[in-house]
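Written below as structure tokens is the structure these notes are about.
The values are calculated or read from the model by the stated rules, or taken from the named source; none is laboratory data. Small disclaimer: the values here were computed from a predicted structure and weren't measured. Glycine gets a Cβ as well: all are built from the backbone with ideal geometry, and neighbour counts include every protein chain shown.
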Amino acid sequence: MNSKAQIVATIGPASEGKKMVSEMIEHNMDVARLNSSWGTYKEHSEYIEHIREMAKKAGRRIPIILDLSGPRIQKKAGHKFDDKAVEALTCKDVVDLEFGIEQKVDYVAMSFVGNKEDILKLREKIKEFGANIPIIAKIERKIAVHNIDEIIKVTDAIMVARGDLGNEVPLEQIPFIEKDIIQKCKVAGKPVIVATQMMLSMTENIEPTRAEVTDVAYAIINGADAVMLSEESANGKHPLEAVIMMEKGIVEAEKHSRNIKLNRL
């Protein structure tokens with residue numbers, strides 16, 4: 001039995017080959033994410049080509065998300081939001097957006113959204129390029145949590161990006177912010193993705209921790225439409241096993257969830 005909720009897997013150096021992409025699709029990767037913070041356009045073009053070719057061969061629709069970098073400052077141990085940024089949409093984002101439109105990606109994810117105006121500006125830029133691509137608003141800032149109602153109204157989908165969010169709010173609040181956002185998206189009928197560190201230990205290990213399995217389960221029980229793999233599938237040692245384990249976790253959680261009504265990407 002396949003899961004009803006979707007698995008979003010980030011494609012990167014560990015998962016870019018046709019064979020790996022094919023196996024991930026076979027084991028229920030539902031959506032592919034490309035992180036524009038890393039890699040070249042040539043590499044991303046190849047990823048897109050492989051995803052589409054293998055999806056067609058499998059007779060499946062695999063939507064592709066282009067995740068824009070937003071105003072971030074790279075650090076040794078990751079990155080953080082650039083507090084000096086005036087706009088959420090950067091010059092790099094606009095260039096990356098043009099590439100995504102040329103490649104006919106299915107969704108554009110906007111990083112460091114603060115309010116509805118950020119989404120509307122991105123939508124206007126997409127129109128300027130002659131396209132009409134749905135937008136996923138990434139909730140990573142305290143101000144975005146405060147403005148969540150207006151953001152949900154104007155966006156097409158939401159991603160609860162818990163990594164950067166954890167830099168802005170106390171960690172102990174994240175489970176409840178996540179639950180609240182999921183519930184609001186359910187009411188609005190908008191897809192919601194729970195992301196970041198869901199099975200992070202699998203970047204190195206063949207099995208997830210018990211806490212990670214529980215995290216995935218409760219995201220599904222709370223009503224998440226999709227859960228996402230980041231480093232685990234992009235540059236981890238066990239990308240396929242991460243997809244397989246996440247699928248197992250979702251299927252089991254769905255056995256314990258009543259009246260599941262999902263908004264698919």
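Residues that are crowded, with 17+ Cβ neighbours inside 10 Å and acidic (Asp, Glu) within the stretch 112-128 comprise just one, 118. In the stretch 222-265, the qualifying residues are those that are within 24 Å of residue 189 (Cβ to Cβ) and among the charged types (D, E, K, R), and the one that is nearest to the chain's Cα centre (by Cα) is 225. Exactly one residue among 246, 228 is at pLDDT 95 or above and within 18 Å of residue 26 (Cβ to Cβ), and that residue is 246.
Looking only at the stretch 94-112, count every residue that is under 14 Å from residue 71 (Cβ atoms) and in contact (Cβ under 8 Å) with a residue 40 or more places away in the chain and tell me the total. Spell out the reasoning first.
Going through the stretch 94-112, the residues under 14 Å from residue 71 (Cβ atoms) turn out to be 94, 96, 110-112.
With the extra rule that they be in contact (Cβ under 8 Å) with a residue 40 or more places away in the chain, the set shrinks to 96, 110-112.
Qualifying residue count for the region: 4.
Identify, please: which residue in the stretch 47-56 is over 20 Å from the mean Cα position of the chain (by Cα) and surrounded by 13 or more Cβ atoms within 10 Å (Cβ to Cβ) and is, among those, farthest from residue 99 (Cα to Cα)?
Within the stretch 47-56, the first condition is being over 20 Å from the mean Cα position of the chain (by Cα), and the residues that meet it are 53-54, 56.
Now drop any that are not surrounded by 13 or more Cβ atoms within 10 Å (Cβ to Cβ), which leaves 53-54.
On the way: 53: 19, 54: 21 Å.
Among those residues, the one meeting the criterion is 54.
The numbered conditions (1) surrounded by fewer than 17 Cβ atoms within 10 Å (Cβ to Cβ); (2) under 19 Å from the mean Cα position of the chain (by Cα); (3) under 30 Å from residue 14 (Cβ atoms); (4) not aliphatic (A, V, I, L, M) are all true for residue 142 except (3). Taking the conditions (1) surrounded by fewer than 19 Cβ atoms within 10 Å (Cβ to Cβ); (2) of a type outside the set (D, E, K, R); (3) more than 19 Å from residue 264 (Cα to Cα) in turn, residue 154 satisfies each one other than (3). May I ask you to verify whether residue 93 is modelled with pLDDT under 95, charged (D, E, K, R) and buried (at least 16 other Cβ atoms within 10 Å of the Cβ)? Criteria not met by residue 93. One residue stands out in the stretch 214-241 among those that are under 16 Å from residue 19 (Cβ atoms) and either in contact with a Gly (Cβ under 8 Å, 6 or more places away or on another chain) or of a type in the set (A, V, I, L, M) (or both): the one that is surrounded by the most Cβ atoms within 10 Å (Cβ to Cβ), namely 233. If you check 211, 219 for being of a type outside the set (S, T, N, Q), outside any loop (DSSP other than H, G, I, E, B) and within 19 Å of the chain's Cα centre (by Cα), only one passes: 219. The single condition from (1) surrounded by fewer than 19 Cβ atoms within 10 Å (Cβ to Cβ); (2) part of a loop (DSSP other than H, G, I, E, B); (3) of a type in the set (A, V, I, L, M); (4) touching an Asp or Glu at 6+ places or on another chain (Cβ under 9 Å) that residue 62 fails is (1). Scanning the stretch 222-265 for residues that are of a type in the set (D, E, K, R), part of a loop (DSSP other than H, G, I, E, B) and in contact (Cβ under 8 Å) with a residue 24 or more places away in the chain yields 225, 237, 261, 264.
If the condition is being among the small types (Gly, Ala, Ser), under 26 Å from residue 93 (Cα atoms) and not in a strand (DSSP E or B), then the stretch 18-59 contributes 36, 37, 39, 45. Selection within the stretch 1-20: residues that are crowded, with 18+ Cβ neighbours inside 10 Å and closer than 30 Å to residue 261 by Cβ. The member of this set that is farthest from the chain's Cα centre (by Cα) is 3.
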